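The values are calculated or read from the model by the stated rules, or taken from the named source; none is laboratory data. For clarity, every value in this text was computed on a predicted model and none was experimentally measured. Heads up: the accessible areas ignore ligands, DNA and RNA and are worked out on the full protein's heavy atoms, side chains in. Shrake-Rupley method; radii C 1.70, N 1.55, O 1.52, S 1.80 Å.
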Amino acid sequence: MIFEVENYAAMREALEKLCYYLAENDVPSERVFDSKLVASELVGNVLRHSGGVAKLCGEITEEFIELVILSSMPFLPPKASARADVFAEHGRGLFLVDSVCEERSLTDEGGIKVRIRIRESK
């Protein structure tokens with residue numbers, strides 16, 4: 001699934017469709033929630049910090065949900081995230097993303113790719 005996201009209304013619609021797609025493919029509700037959280041944070045960062053249009057690509061591959069977020073304007077988050085100070089007003093999003101994702105990397109196109117494990121390893 002690929003969504004062009006120009007604003008927050010389009011982001012809400014894309015997230016709703018992504019969640020529906022995941023649920024229809026028997027992804028547990030906890031992982032649907034995690035995917036929505038991650039996509040919301042990363043797409044929101046593109047809209048907020050780059051001023052560009054985001055492209056959200058989502059698919060299920062074997063045991064992972066893979067999300068790729070591309071920006072029409074260059075935008076790269078820090079490689080490592082850190083827990084924000086308890087009184088900080090910003091800076092928690094990337095830490096939350098990294099806490100629910102198996103991995104976060106950059107694509108050859110300059111996008112951000114995350115993988116969320118669908119089911120816990122035994």
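Provide TYR20, TYR8 ordered by accessible surface of protein heavy atoms (probe 1.4 Å), highest first.
Largest to smallest exposure gives the sequence TYR20, TYR8.
Could you check how many percent of all C-alpha pairs in region 24-67 are farther apart than 11 Å?
In whole percent, the long-distance tail amounts to 69.
LYS113 accessible area, nearest 10 Å², 1.4 Å probe?
Estimated to the nearest 10 Å², LYS113 gives 60 Å².
How much length would be gained if the chain were fully extended between GLU4 and PHE95, taking 0.36 nm per residue of separation minus their Cα-Cα distance, in nm to one decimal?
Gain on extension, GLU4 to PHE95, equals 30.3 nm.
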